[in-house]
Amino acid sequence: MSLTSTSQQFKANAHHALGDADLQAAMAHVPTGFVASRAAAIARLPEFEALRDSARDIKNHTLAHLDLYLEAYESKVLAAGGHVHFARTSDEANAIVLEICKSHGAKTVTKGKSMISEEIGLNAVLDANGIKPIETDLGEYIIQLRRETPSHIIAPAAHLTKDQVEADFRRVHVNLDAKRDLEEPQTLLAEARTIMRQNFLAADIGITGANFLIAETGTSIIVTNEGNGDLTQSLPKVHVVLAAIEKLVPTLEDAAQILRVLARSATGQDMSVYTTLSTGPRRADDPDGPEHYHVIILDNGRSSMLAGPFKDMLRCIRCGASMNHCPVYQSIGGHAYGWVYPGPMGAVLTPSFIGLDQSSDLPNASTFCGQCESVCPVRIPLPGLMRLWRERSFSRQLMPFAQRAALGFWVFFAKNPRLYRAATWAAMSALGFFARGRDNLNALPFLKAWTKSRDFPAPQGGTFQAQWAKRHKGPKS
Ligand code: SF4
């Protein structure tokens, strides 16, 4: 674990997030933005469901033969004049980046957005070694100014309002006219672009992530909407690609298939604005490009996942749809999850990477509404995987005693149908008493904390089992 985690304080983090007015204002845009755009994009593509199957199958096939595809990829990169480094841990990956920086005397590094660099805590390591990392994705640039981490895997500054960003620009860009007009978002964008152009030209090394590593050609592909990936990798003398083992796909055709579901699931675009391919350093007749090309492929616990029940999670293509559609993420944003990956995908990945002891609340941070699984473009069974973590948390006694006792109580009744029916009837009668004719209960004495901010529907008719029995019995003749 390279980044300090506050996943253990999830409940306190979530509580704080719910009371943060700026955060709540920013998060209100998620359903109207990402969610609505995805729905519209999918409505325009009748074969979307078939493409999801295809994307899932490509990822499953690659994971089943990952050793072969990693070898094939490595040999193609070497043949193109590049270097491939395999890193088992975050520390190894950071050490490799540092070694490359030192060997080129680098003082400044520009970075295209890379969640892997967040996972390994690269910026802190570069800073500590006198190398200045500069984020070039607009959202990443903004949170770097604020010394924050991303709150969303594709929209790192999703937790901020425009007014907060304007205040940050005025605080940091002190050499610009204090009276300049930054009212419109476009003016903020133009200001960031002007500053970023100077950074691109001054950088010694460019580091990008990768959406895909192509085994048949040794190519890495990065998608962006700002073109910052292109400038990061083509202007400096050295290009470093930082990616994890699950980014492999066999062919360019496979990547093209998955690209068709990626942008639609992520931002509701048919395609991202830039899809940039790089294969090795510049060749003799290339007009531009880096002189040196390195790929660092990170494991960091993924090989262990590959051999276990969380293998499906390695299909993730980091589109962000699961968090965009998650009612918990929509309410509290990404920082409350306390580590790099938020939302339902983080609730599965974080325990795998930093341990269940450090993150046992995360798999419980779900209503199990199933939205995440229903929108995942590679059909990852996220609720099932979270349930698996919950089971482990229960058997390792990581849940609070009251929660374990309540579950034990429920199991006892569930195993005794007559008692269960009697108990649910008694509970219904009690709830009916508290409802006193209202549709919702909002002040249950024994669920005060829960009902304080939620409505609890009052019982309508008999218990579920009684209504089921009545319906299937049919009217008496
Ligand atoms: S789990 Fe699925 S929906 Fe969520 S980010 Fe990964 S690919 Fe996208």
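Between the alpha-carbon centers of the range 199-214 and the range 249-291, tell me the distance in whole angstrom.
The range 199-214 and the range 249-291 have Cα centres spaced 13 Å from each other.
Helix 48-64: angle to the longest alpha-carbon principal axis of the chain, degrees 0 to 90, nearest 10?
The two axes meet at around 70 degrees.
Which value in Å is the Kirkwood Rh of the chain over different Cα pairs? Intermediate values should be presented prior to the final figure.
Values: mean 1/r = 0.0408 Å⁻¹.
Hydrodynamic radius (Kirkwood, Cα pairs) of the chain is 24.5 Å.
If the reach is capped at under 17 angstrom between alpha carbons, list the lysines near K452, excluding any in the same chain fewer than eight residues apart.
K452 reaches K11.
Cα-based Rg of the range 347-396 per 2.2 N^0.38 Å, rounded to two decimals? Intermediate values should be presented prior to the final figure.
On the way: Rg = 10.8 Å, N = 50, 2.2 N^0.38 = 9.7 Å.
For the range 347-396, the normalised Cα radius of gyration is 1.11.
State, in angstrom, two size descriptors of the range 130-263 derived from its alpha carbons: Rg to one decimal place and Dmax to the nearest whole number.
Using the Cα atoms of the range 130-263, the pair Rg, Dmax is 16.9, 54 Å.
Taking only the Cα atoms of the range 144-183, how large is their convex hull per residue, in Å³?
Values: hull volume 2.9 nm³, N = 40.
Output value, Cα hull per residue: 74 Å³.
Identify all lysines with a Cα-Cα distance to K237 below 23 Å; exclude those on the same chain that are fewer than 8 residues away in sequence.
Partners found: K76, K102, K107, K111, K113, K132.
In bins 5 Å wide, starting from 0, what share of all Cα pairs of the range 194-316 does each bin hold, as a percent?
Pair shares across the bins are 2, 10, 18, 20, 20, 15, 9, 4, 1, 0.
Quick one: accessible surface of E373, probe radius 1.4 Å, all protein chains present, in square angstrom to the nearest 10.
80 Å²
Could you sort E71, E246 by accessible area so the largest value comes first, with the probe set to 1.4 Å? Mind dumping the intermediate values first?
On the way: E71 120, E246 10 Å².
Largest accessible area first, the list is E71, E246.
Please report the accessible area of R146 (heavy atoms, 1.4 Å probe, ligands and nucleic acids excluded) in Å², nearest 10.
Looks like 60 Å² after rounding.
Name the residue farthest towards the positive end of the dipole of the chain from the options A167, N300, F48, assuming +1 on Cβ of Lys and Arg, -1 on Cβ of Asp and Glu, about the Cα centre.
Working it through, the farthest residue towards the positive pole turns out to be F48.
With +1 assigned to the C-beta of every Lys and Arg and -1 to the C-beta of every Asp and Glu, and no other charges, what is the dipole magnitude of the range 132-221 about the Cα centre in debye, to the nearest 20? Don't skip to the answer; put the middle values down first.
Working: 10 positive and 14 negative charges, 53 e Å.
Here the size comes out at about 260 debye.
Could you tell me how far the Cα centroid of the range 19-42 sits from the Cα centroid of the range 375-415, in Å?
Between the Cα centres of the range 375-415 and the range 19-42 lies a distance of 29 Å.
Test of understanding: what is the full-extension gain from K415 to D357, defined as 0.36 nm times their sequence separation minus their Cα-Cα distance? Present the calculation step by step, with values, prior to reporting the outcome.
Numbers: separation 58, 0.36 × 58 = 20.88 nm, distance 3.00 nm.
This chain segment gains 17.9 nm when fully extended.
From the phi angles alone, apply the Karplus equation (6.51, -1.76, 1.60; θ = phi - 60°) to the range 265-275 and give each ³J(HN,Hα) in whole Hz, x where the residue is Gly or Pro.
6, 7, 10, x, 8, 5, 9, 5, 5, 10, 10
Nearest 0.05, what FRET efficiency do S304 and E216 give at R0 = 35 Å with Cβ-Cβ as r?
0.80
Roughly what angle does helix 90-103 make with the longest principal axis of the chain, taking Cα atoms, 0 to 90 degrees, to the nearest 10?
Helix 90-103 and the main axis of the chain meet at about 20 degrees.
With all protein chains present and a 1.4 Å probe, how do D204, D439, D137 order by accessible area, largest first? Could the numbers behind the result be given before it?
Values: D204 50, D439 110, D137 20 Å².
These residues rank, largest area first, as D439, D204, D137.
Taking a label point 7 Å from the Cα of K473 along the Cα→Cβ vector, which residues of the range 427-463 have an amide N closer than 13 Å to it?
462-463
How far apart, in nm, are two points set 7 Å out from the Cα along the Cα-to-Cβ line at A64 and at A80?
2.7 nm
Can you sort H152, H65, H85, H29 by solvent-accessible area, 1.4 Å probe, largest first?
Working: H152 0, H65 70, H85 50, H29 125 Å².
Final ranking, largest accessible area leading: H29, H65, H85, H152.
Take the Cβ-Cβ distance between R387 and M271 as r, set R0 to 41 Å, and report the resulting FRET efficiency rounded to the nearest 0.05. Mind dumping the intermediate values first?
Working: r = 35 Å, r/R0 = 0.85.
Here the calculated transfer efficiency is 0.75.
About the Cα centre, and with charges only on the beta carbon of Lys, Arg (+1) and Asp, Glu (-1), how big is the dipole of the chain? Nearest 20 debye, please. Don't skip to the answer; put the middle values down first.
Numbers: 50 positive and 47 negative charges, 566 e Å.
For this selection, approximately 2720 debye.
Say the dipole of the chain comes from +1 at the beta carbon of Lys and Arg and -1 at that of Asp and Glu; which of M196, P457, C326 then lies farthest toward its positive end?
Most positive-ward Cα: P457.
At 1.4 Å probe size, with every protein chain present, just tell me what the per residue accessible area of the range 247-332 comes to in Å².
Working: 3160 Å² over 86 residues.
Ligands and nucleic acids excluded, the figure is 37 Å² per residue.
Expressed as a fraction of 2.2 N^0.38 Å, the rule-of-thumb size for a compact globular protein of N residues, what is the C-alpha radius of gyration of the range 81-158? All intermediate terms of the calculation are to be shown ahead of the outcome.
On the way: Rg = 12.9 Å, N = 78, 2.2 N^0.38 = 11.5 Å.
Here the answer is 1.12, to two decimals.
Using the charge dipole of the chain (Lys, Arg: +1 at Cβ; Asp, Glu: -1 at Cβ; taken about the Cα centre), state which of A256, A64, F433 has its Cα farthest towards the positive end.
Ranked along the dipole, the leading option is F433.
Share of antiparallel DSSP beta bridges in the chain, in percent to the nearest 5?
Working: 10 of 35 bridges.
Counting DSSP beta bridges with both partners in the chain, the antiparallel share is about 30 percent.
The values are calculated or read from the model by the stated rules, or taken from the named source; none is laboratory data. If you're wondering where the values come from, they're calculated on a predicted model, not measured in any experiment. When we count neighbours, we look across all protein chains shown, and the Cβ atoms used for this are built from the backbone with ideal geometry, even at glycine. Areas reflect the complete protein model, heavy atoms only, side chains present, ligands, DNA and RNA absent. Shrake-Rupley method; radii C 1.70, N 1.55, O 1.52, S 1.80 Å.
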